[in-house]
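Colleague: What follows is a structure written as structure tokens; I'll ask about it next.
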Amino acid sequence: MIAGNNWYLEMRDELMGEQSSVGDLTDNSHVLHSSIATTALAILALESKRIPPGVGLNFTVQSPADICVIDPTGEEHCVTGGDEPKTVDIDNPLVGNYQVRLTGTGTGNCTLVVEGLVQGTAVSSFNRTFPINIDEVSVSTFAVTSAAGPITIEDRNQAPVADAGGDQSVVAGDTVYLDGGGSSDSNLDQLTYEWSFVAMPDSSEAELLLPDATEPGASFVADEPGEYAVRLVVCDGYDYSEPSDVTIVAVSVNDYATEILQEAKETINNLDSTAFFRSYMKKMLTRRITIALWLIDKERHNYALFVLEHWVLSKVDGCAALGSPDEGLPLREFDWIIDCDAQGMVYPLIVEAIELLRDL
């Protein structure tokens with residue numbers, strides 16, 4: 001007689017012994033003994049992992065959420081609508097993974113309770129409470145095991161995913177703001193954020209300024225030119241994510257101002273000659289910018305600033321200051337670029353370079 005919670009293992013051993021006594025299923029005789037076929041079918045029925053009769057699963061969610069449970073066969077069991085708690089009952093379940101998908105119908109705390117029942121009595125349970133918003137989706141996976149005894153429910157937590165944000169380019173001395181707000185957890189568990197430096201310039205003394213661990217942001221001052229690599233790892237209280245890295249390149253003021261002025265020269269050279277009061281003024285304007293670039297390279301920043309403010313900006317600022325090209329009003333010089341669209345392409349670049357040099 002086979003009895004107790006070991007019924008599955010004992011039954012399997014007995015059937016396997018029966019099979020051994022009558023023949024081998026791998027025999028190439030092409031003749032399958034009837035008792036072997038019967039034994040094979042019995043073993044296959046057991047190996048299908050059907051839990052014994054009288055066992056059930058109960059999935060209950062407190063509002064505000066709808067619930068769908070996807071069983072190991074892929075069949076969906078859904079309860080939607082209304083504000084009352086929603087329950088999905090599965091009788092005679094299969095051993096395997098059950099995916100629970102909750103969809104927020106409002107905003108608030110949501111509690112999911114999963115119970116394994118034997119003859120209507122809970123013998124195994126799991127519960128989780130988490131915040132949910134309207135139309136937000138939480139996905140959890142539970143492994144139902146142990147056909148050879150009391151039903152067991154195991155939370156198959158999905159590890160969160162860290163997102164350190166996009167790479168950045170800044171000027172040395174700027175404050176860099178990091179944002180891990182794109183990190184996610186499919187179970188909607190509360191995340192904590194751990195930021196750390198992976199690499200920085202040798203001479204840098206940068207330190208990360210970290211808020212509360214539940215806040216996704218961090219910041220630091222890129223005190224030296226060079227490349228900073230920062231890593232984010234998030235935790236949902238159960239598992240840690242794979243790391244997510246972000247790279248910040250800090251350039252010197254000289255390099256950045258040079259880059260901006262080179263762009264201004266290229267923009268001016270690409271303008272049609274009709275955009276200038278006289279066509280030769282295109283070349284004269286780019287020559288003046290070239291002088292400023294030479295002075296920046298020699299770190300004679302005050303002289304470069306004078307050239308940009310008095311020899312360049314005054315020739316392209318009429319539209320920004322007056323709403324139309326400057327035609328030589330009292331106390332003002334006339335504009336060399338006489339088209340406002342063209343001025344709008346050059347003027348912001350010159351102003352940005354001037355502001356950089358003023359901060360030195």
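Laboratory data are not the source of any read-out in this text; all were calculated from the coordinates shown. The structure presented is a predicted model; accordingly, all values stated were derived computationally and were not measured. Cβ placement follows ideal geometry from the backbone for every residue including glycine, while neighbour counts extend to all protein chains displayed.
Colleague: Name the residues whose placed amide hydrogens come within less than 5 Å of the amide hydrogen of Met200, ignoring near sequence neighbours (fewer than 5 apart) on the same chain.
Modeller: Amide H neighbours of Met200, under 5 Å, 5+ apart: Ala229.
Colleague: For segment 239-301, which trypsin sites (Lys or Arg not before Pro) are both in a DSSP coil and crowded by at most 11 other Cβ atoms within 10 Å? Please list the in-between numbers first.
Modeller: Numbers: sites: Lys265, Arg278, Lys282, Lys283, Arg287, Arg288, Lys298, Arg300; in loops: Arg278, Lys298, Arg300.
Sites meeting the loop and neighbour criteria: Arg278, Lys298.
Colleague: Convert each backbone phi in segment 347-354 into a coupling constant with the Karplus relation 6.51 cos²θ - 1.76 cosθ + 1.60 (shift: θ = phi - 60°), then list the ³J(HN,Hα) values in order as whole Hz, x for Gly and Pro.
Modeller: 3, x, 5, 5, 4, 5, 5, 4
Colleague: Extension gain Ser219-Thr111, at 0.36 nm per residue separation less the Cα-Cα distance, in nm?
Modeller: Numbers: separation 108, 0.36 × 108 = 38.88 nm, distance 3.50 nm.
Extra length available between Ser219 and Thr111 comes to 35.4 nm.
Colleague: Right, next: How are the C-alpha pair distances of segment 254-358 spread across 10 Å bins, as whole percents from the shortest bin up?
Modeller: Taking all Cα pairs of segment 254-358, the binned fractions are 16, 52, 28, 3 percent.
Colleague: OK, next. Return the sequence-ordered ³J(HN,Hα) values of segment 253-262 in whole Hz as given by the Karplus equation 6.51 cos²θ - 1.76 cosθ + 1.60 applied to θ = phi - 60°, using x for Gly and Pro.
Modeller: 4, 4, 5, 6, 4, 4, 4, 5, 5, 5
Colleague: List every residue whose amide H lies under 5 Å from the amide H of Val221, counting only residues 5 or more places away in sequence or on a different chain, with H placed 1.01 Å from N in the peptide plane.
Modeller: Amide H neighbours of Val221: Val176, Glu207.
Colleague: With labels modelled as points extended 7 Å from the Cα through the Cβ direction, what inter-label distance (nm, one decimal) is found for Glu75 paired with Phe126?
Modeller: With each label point 7 Å from Cα toward Cβ, the separation is 2.2 nm.
Colleague: A further question on this structure: Over the alpha-carbon set of segment 168-251, divide Rg by the Kirkwood Rh and report the Rg/Rh ratio to two decimals. Kindly include the intermediate steps, with their values, before the conclusion.
Modeller: Numbers: Rg = 13.5 Å, Rh = 13.3 Å.
Rounded to two decimals, Rg over Rh is 1.01.
Colleague: Right, next: Quick query: amide H of Asp326 versus all other amide H atoms, modeled in the peptide plane; which residues come in under 5 Å with a sequence gap of 5 or more or a different chain?
Modeller: For Asp326, whose amide H was placed from the backbone, the distant partners under 5 Å are Gly318, Cys319, Asp335.
Colleague: Under 17 Å from the Cα of Lys265, which lysines turn up, not counting those fewer than eight places away in the same chain?
Modeller: Lys282, Lys283, Lys315
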